[in-house]
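Here the structure comes first, spelled out in structure tokens, and everything after it is commentary.
The numbers here are math on the coordinates, done by the rules we state, and not lab data. What you see is a predicted model, and the numbers here were worked out from it, not measured in a lab. In this analysis, Cβ positions are derived from the backbone assuming ideal geometry, glycine residues included, and neighbour counts consider all displayed protein chains.
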Amino acid sequence: MADNDFFADDEDELDQEIELDSLLLNKRISVRYRRKDIKAIVKTHSLFFPRLIKVDLLDISSKGAAILSDKKLKLKSRVSFFLQFNDGRRFTIDAIVAHNHSAPRYGLKFSVYQTELAEHLLTTQTDLQFG
């Protein structure tokens, strides 16, 4: 076996490890925060009767949120999700009702990854809960 063959094998192994690492990425991984200090409102998108609904925020991440709502939300309906933090910072997020089988608990899936929200959640987190 020539020295070149030995190095070629090492390069193949490194390539495989990199490929394996990239395959192991789970797109669903995100940090979910349980926060009581964020005010949340859902606006339904209806041509004739759009509604603003005050909801309780159960948990939130950069990809979605779990909420409690007294009003029914239709599965796969598009909504606007408004958040206000105690420091006055506000976020408006387009979302889809992804889960409603545990009503009055609903799951919202954000239309796009919310990088700024994720950073603000992390920097304003004061009470750590693990579970």
| query | Applying the Karplus parametrisation 6.51 cos²θ - 1.76 cosθ + 1.60 with θ = phi - 60° to the phi angles of segment 50-63, what ³J(HN,Hα) value in whole Hz is obtained for each residue in order, glycine and proline being reported as x? | reply | x, 10, 9, 10, 6, 10, 9, 7, 8, 7, 8, 9, 6, 10
| task | Return the distance in nm (one decimal) between the two label points of a simple spin-label model at VAL31 and ASP70, each offset 7 Å from Cα along Cα→Cβ. | result | 3.4 nm
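Nearest 0.05, what FRET efficiency do LYS109 and LEU47 give at R0 = 30 Å with Cβ-Cβ as r?
On the way: r = 22 Å, r/R0 = 0.75.
My answer for the efficiency is 0.85.
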